[in-house]
Amino acid sequence: MRYDNLDMTQINNGLEQTAACGSSIAYDKANGTAFVSYMTGVPKRYGESTGKICLSVFSPSQPHLVRHRVFDELQGKSRGFLCNALYVCGDKRVRVMFTDHSGQNALYSEDVDAKKTAPMAVYSREYDFATDTVTERREVFFRTARGEEPINNETYCRYLRENGYEINSKWPPIINKVTQYRGEWYTAITLDDYAFSYATLCKIEGDVLVPFAICPEKQTYEFRYFVNDEGIFGAFRAAPDDHGTNHAGYTVSRDGGKTWETTIYADGVQSRHDILEYYGKPLFIYNYKSDRSVENFPRMHNFRNALKFVYDGEVILDLFSKHGFVEHDTVSIRGELYMAFSNCPQALSTENGAAWTEDGLSVEQGKETVQWMKLGYLLPRSTKHGPNGRS
C-alpha cells in the first residue's frame, strides 16, 4: 500500500475557488495535451458546489503549468450542473456534455425538493485550445421510439418504463464518462438518484445519444464502462436496496448488453468508482473503507480516502490519503496511469464551520480541490500484458 506523501499537483484555480468536484479527463495524444473538466461554484461555498463548469489544460508531465478556463456558469449560483462527460472531438478540441437542472433563467433554490422539480436539459459546449475559445450551448437529444427527444427526467424515466424497468424518480439525468471503441464514442445515461436507477448505454452521434443496451443492475448515480472486442465492462455504485448499502459493483456483458455478470465488492463505499482498459484487460478502481480510514482528521464522508486497483481480478495497488480520493478519473497515457480526483488538504469546510455532521462528528466531503497525480506503470515487468512482452 502507498500512503500519504503522494506526488500530486493541484490543477483547479485555488486562488478563486473553495470547492471543486466531478473531475473528468480527456487526453489529446496528437498534441500531448491533458484536459480536466470539473465543477465549482461561488467563492466561499464549501463542500459540493456545482454552479460552474471549469476546464484545466496542461501537459501531463507539467501540471503546474496549467491554463484555467470556464465552460459554463450559472451566475451567482452554487448548484445546478451535473458534468461527467468530456472527450476529444477534433484537433485541439474537447467537448463537454452536461445537465443543467438549475431552472435555467428561473431563480434557483438550494432546497433539495426544489432541485428535484427544476426544469432540466442536457447541453454540450466545445473548447478550442488553438483559438482559446468556447462555443455556444447546443442541446443534446435522446433517440427513442418517439423520435429525438430532449433529455430530462420525464423522457428518461418514460424510456425505462417502456422497456420494462420500474422507476419512480424526480432526479435529473447524468451523462456519464465517455469511452471510445473502433473510432466511435459511447456514454451512458443514469439518474442523480441516491435510491436507485438503471443505466442506459448509448452511442454518441453528434448531438444525439442513441441507446443500444440497458444494464439491469439497480445502481445509484454514475455508471462507467468501456467496450472492447471481449465485451462491455462496467463500474457502478450498488443500490442500497439491492446488494446492500456502500458496495462497489463490477459488471460484464459479452453479448452486446443482452445479459450481464456482476461482482459486488462488499468492502466498497458509496462513491464514484472508475474502470478503464489497461493493456487489453479491465482495470477496476473503487473506494473502500480502509482500516486507516477512521484515523482521518477530520473524518471523511463515507470514508472516501482509500482506493483499490483491481486488474484482471487481482488487486495490484492500494492507495490511502487522509485528505481523500473523491470522484476520481484515471487515464492511460503511453502505458502509464494518471489520475485526477478531488480532496480536501486544508479542510476548508471544517475550518469555516460548514462541515457535514455524521454520527455527531464533523466530516469533510473531500471536494475542495482537484489534484493531478502520476501513478506510472503498474504491472510487473514480467507480465505478458506489459511493454516488454505484449500479447
Exposed-loop-free span, longest in the chain, where GluC sites (Glu not before Pro) count as exposed if DSSP calls them loop and at most 15 other C-beta atoms lie within 10 Å: 231-391
Note on the chain, DSSP bridge orientation, antiparallel percent to nearest 5 equals 95 percent
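For a 32 Å ceiling on Cα separation, which of these pairs sit above it: LYS203/LYS322; LYS170/LYS322; LYS281/LYS322; LYS203/LYS308; LYS77/LYS308; LYS92/LYS367?
Details: LYS203/LYS322 38 Å; LYS170/LYS322 35 Å; LYS281/LYS322 30 Å; LYS203/LYS308 29 Å; LYS77/LYS308 35 Å; LYS92/LYS367 29 Å.
Cα-Cα > 32 Å for LYS203/LYS322; LYS170/LYS322; LYS77/LYS308; rest within.
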Could you let me know the centre-to-centre spacing of segment 358-374 and segment 136-184, using Cα atoms, in angstrom? 30 Å
Would you mind working out the accessible area per residue for the chain, using a 1.4 Å probe, and quoting it in Å²? 41 Å²
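Two decimals is fine: what's Rg over Rh for the chain, C-alpha atoms, Kirkwood radius as Rh?
0.93
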How far apart, in nm, are two points set 7 Å out from the Cα along the Cα-to-Cβ line at VAL70 and at GLU139? 2.5 nm
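Of the heavy-atom accessible surface of the chain (probe 1.4 angstrom), what whole percent is carbon and sulfur? Write down the numbers at each step before the final one.
Numbers: 7190 of 16080 Å².
So the carbon and sulfur contribution to the accessible surface is 45 percent.
Tell me the trypsin sites (Lys or Arg not before Pro) within segment 235-316 that lie in a loop according to DSSP and have at most 11 other beta-carbon atoms within 10 Å. List each step's numbers first, then the result.
Working: sites: ARG237, ARG254, LYS258, ARG272, LYS289, ARG292, ARG299, ARG304, LYS308; in loops: ARG254, LYS258, ARG272, LYS289, ARG292, ARG304.
Qualifying residues, ordered by number: LYS258.
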In Å, the Kirkwood hydrodynamic radius from C-alpha pairs for segment 176-331 sits at 15.8 Å
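The values are calculated or read from the model by the stated rules, or taken from the named source; none is laboratory data. Since this is a predicted model, take the numbers as computed values, not measurements. All Cβ positions, even for glycine, are placed from backbone atoms using ideal geometry, and neighbour counts span all protein chains on display. Areas reflect the complete protein model, heavy atoms only, side chains present, ligands, DNA and RNA absent. Shrake-Rupley method; radii C 1.70, N 1.55, O 1.52, S 1.80 Å.
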